[in-house]
Amino acid sequence: MAVLSAYGYISKSDFSNILLIGELSLEGEVRPVSGVLPMVYGALSQGISYCILSSENQEEASVVSEMNVIGVKKLREVIDLLEEDMLDNHVYRGQHNGESVWETGADFKEVLGQETARRAAEVAAAGMHNLLLIGPPGSGKSMIAGRMSGILPTMTFEEQMEISQIYSVAGLLSGETPLVRRRPFRSPHHTATQRALIGGGTYPRPGEISLASGGVLFLDELPEFERNTLEVLRQPLEDGWVNVSRLRGSCRYPAHTLLMAAMNPCRCGWYPDRSKCSCTPGQVRRYLGRISRPLLDRIDICTETMPLEYRHLEWKEGDRRCEPESSDIIRRRVEQAQKLQFARYRNESFCHNSDLTPHKIREYCVMSAQAAEYLKDIFQKMEFSARAYHKILKVGRTIADLAGSETIGQEHIAEAVFYRSIDRRYWGEGGAS
Ligand SMILES: [Zn+2]
């Protein structure tokens with residue numbers, strides 16, 4: 001357009017109020033590109049009010065409702081629109097309404113039994129704590145993980161915009177889904193490369209950890225991942241963002257996600273059930289040792305799934321006894337607990353209990369005298385590390401929030417210690433390196 005204007009083929013010479021996006025083909029077609037959403041968003045903040053781009057990108061661009069979006073197929077159309085001063089007559093208004101949606105198919109009420117793991121999932125969601133599920137094959141680990149993003153709070157429009165921009169850069173938005181409206185659930189296979197997990201490439205694309213921002217990153221069969229591959233997740237998990245470097249400079253993507261991992265306790269899957277597990281103690285140790293201590297340190301809650309019992313299979317719809325709760329009911333409790341956290345941390349740069357640093361733990365995790373006495377006792381008996389102590393307090397804070405209690409009571413600490421004791425049973429205190 002600049003060239004056409006310079007040669008006098010069009011009369012317009014001031015384009016300062018118009019953003020033009022697209023790939024121009026030799027036939028003069030305007031083709032769609034990735035990353036439209038953040039470009040349009042950025043242009044709006046610079047005071048630009050018109051955006052002309054490929055009609056295949058118009059739905060995505062129109063998510064930024066204050067922008068006047070005009071979709072075209074050919075460069076010729078752009079010339080005509082400008083010469084006839086017809087931009088305002090061709091503004092596209094999108095179909096989306098910014099309402100949040102979630103999976104209708106997968107619901108927690110289909111998870112029979114597993115009271116302990118269900119509760120751990122709820123606590124993890126309430127405080128955005130990373131969670132590890134250990135259990136034999138077929139005990140429902142993936143089933144629970146697949147329902148996790150459905151119990152996280154509803155997304156605000158601002159969150160939808162933020163996450164959609166990452167998807168836009170990754171080229172994952174389309175005309176049908178111009179906006180990410182449900183919390184992400186990403187489940188990369190254990191053969192995934194480092195680049196696939198944290199991002200990279202000549203034009204650095206966001207990795208799985210960024211695509212899971214605001215939602216869940218699920219690593220099934222955790223010990224099957226290459227150890228080096230997992231190690232690259234440590235820093236992003238700690239910081240909440242990831243630096244993807246390329247030849248010239250680097251690029252920063254958000255990585256604020258709930259990490260959920262699942263694993264069998266040994267290669268055959270049945271340890272510590274000695275009637276079924278035939279692994280030697282050395283084999284079990286080596287299998288568990290595939291998970292490094294620093295990665296385990298990033299996981300606040302560890303819990304077990306149990307093989308299904310017959311009584312759970314007997315349960316029928318409508319039977320009120322031990323009826324599993326639906327995702328909807330659990331999500332309401334999670335939302336309530338997160339509201340308390342947002343209010344408590346309104347002057348902080350973080351908003352969830354899992355983000356508490358040791359310094360902030362002292363400030364915000366106030367225990368009752370009884371709870372403090374109890375923890376002191378347990379701490380000495382079990383010889384917990386300082387890191388374990390901090391995890392217990394953070395998780396205890398979340399359990400108290402779920403109960404609507406400002407002070408952390410003994411029962412809240414006891415439950416947090418329980419999650420810690422499972423981790424300890426498999427890996428010991430500070431064991432594997
Ligand atoms: Zn085994």
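The values are calculated or read from the model by the stated rules, or taken from the named source; none is laboratory data. The shown structure was predicted, so the numbers you read here are calculated from the model rather than taken from an experiment. So basically every Cβ, Gly included, is an ideal-geometry build from the backbone, and we count neighbours across all protein chains shown. Surface areas here come from the heavy atoms of the whole protein model, side chains and all, with no ligands, DNA or RNA. Shrake-Rupley method; radii C 1.70, N 1.55, O 1.52, S 1.80 Å.
Going through segment 361-420, which GluC sites (Glu not before Pro) have at most 14 other Cβ atoms within 10 Å and a DSSP loop state?
Answer in residue order: Glu383, Glu406.
Can you give the net charge of the other residues whose Cβ lies under 10 Å from the Cβ of Glu122, counting K and R as +1 and D and E as -1?
In short, +3.
Could the peptides 121-134, 14-27 be put in order, highest first, of the mean number of other beta-carbon atoms found within 10 Å of their residues?
Ranked from most to least packed, the peptides come out as 121-134, 14-27.
Give me the distance between the Cα centres of segment 331-380 and segment 31-84, rounded to whole Å.
45
If each DSSP helix of 4+ residues adds -39,500 (n - 2.57) and the sum is divided by the residues in the chain, what number results at 222 nm, nearest 500 deg cm²/dmol? Don't jump to the answer; show the numbers that get you there.
Details: 19 runs with 172 residues, N = 433.
Value at 222 nm, helices only, nearest 500: -11000 deg cm²/dmol.
Using the Cα atoms of segment 1-137, I'd like the radius of gyration and the largest Cα-Cα distance, Dmax, both in angstrom.
When restricted to the Cα atoms of segment 1-137, Rg and Dmax are 23.5, 74 Å.
With everything on Cα atoms, drop me the angle between helix 369-382 and the longest principal axis of the chain, reported from 0 to 90° to the nearest 10.
Relative to the chain, helix 369-382 is tipped by roughly 70 degrees.
Of Lys339/Lys376; Lys339/Lys360; Lys339/Lys394, which ones are farther than 20 Å apart at the Cα?
Lys339/Lys376
Sorted by mean Cβ packing within 10 Å, highest first, what order do the peptides 253-265, 230-242, 46-58, 273-285 take?
253-265, 46-58, 230-242, 273-285
How tilted is helix 36-45 with respect to the longest principal axis of the chain? Cα atoms for both, answer in degrees (0 to 90, nearest 10).
Tilt relative to the chain: about 70 degrees.
For labels at Val33 and Phe157 in the simple 7 Å Cα→Cβ model, what's the distance in nm?
Roughly 2.7 nm, to one decimal.
Could you please state, rounded to a whole Å, how far the C-alpha centre of segment 119-153 is from the C-alpha centre of segment 190-232?
Going from one Cα centre to the other spans 19 Å.
Mind grabbing the accessible area of Lys109 for me, 1.4 Å probe, Å², rounded to tens?
So the heavy atoms of Lys109 present about 90 Å² to solvent.
What is the helix-to-structure angle for 386-402, meaning the angle in degrees between its Cα long axis and the longest Cα principal axis of the chain, kept from 0 to 90 and rounded to the nearest 10?
70
On alpha carbon coordinates alone, what is the Rg over Rh value for segment 342-433, Rh being the Kirkwood radius? Please report the intermediate quantities before stating the final value.
Values: Rg = 13.3 Å, Rh = 13.6 Å.
Answer for segment 342-433: 0.98.
Computed from the mean reciprocal separation of all distinct C-alpha pairs, what Kirkwood hydrodynamic radius does segment 173-287 have, in Å?
After inverting the pairwise mean of 1/r, the radius is 15.9 Å.
Which whole-number value in Å² is the accessible area per residue of the chain, probe 1.4 Å?
In whole numbers, the chain has 49 Å² accessible per residue.
Using the Cα centre of the chain as origin and beta-carbon charges of +1 (Lys, Arg) and -1 (Asp, Glu), tell me which of Pro153, Ala416, Ala170 is placed farthest towards the positive end of the dipole.
Comparing the listed Cα positions along the dipole, Ala416 ranks first.
May I ask for the equivalent-ellipsoid semi-axes of the chain, computed as the square root of five times each C-alpha gyration tensor eigenvalue and listed largest first in whole Å? Present the calculation step by step, with values, prior to reporting the outcome.
Working: eigenvalues 457, 104, 94 Å².
In descending order, the three semi-axes are 48, 23, 22 Å.
Does anything in segment 325-367 have its amide N under 16 Å from the 7 Å Cα→Cβ label point of Ala386, and if so which residues?
Only 357-363 fall inside the zone, counting backbone N under 16 Å.
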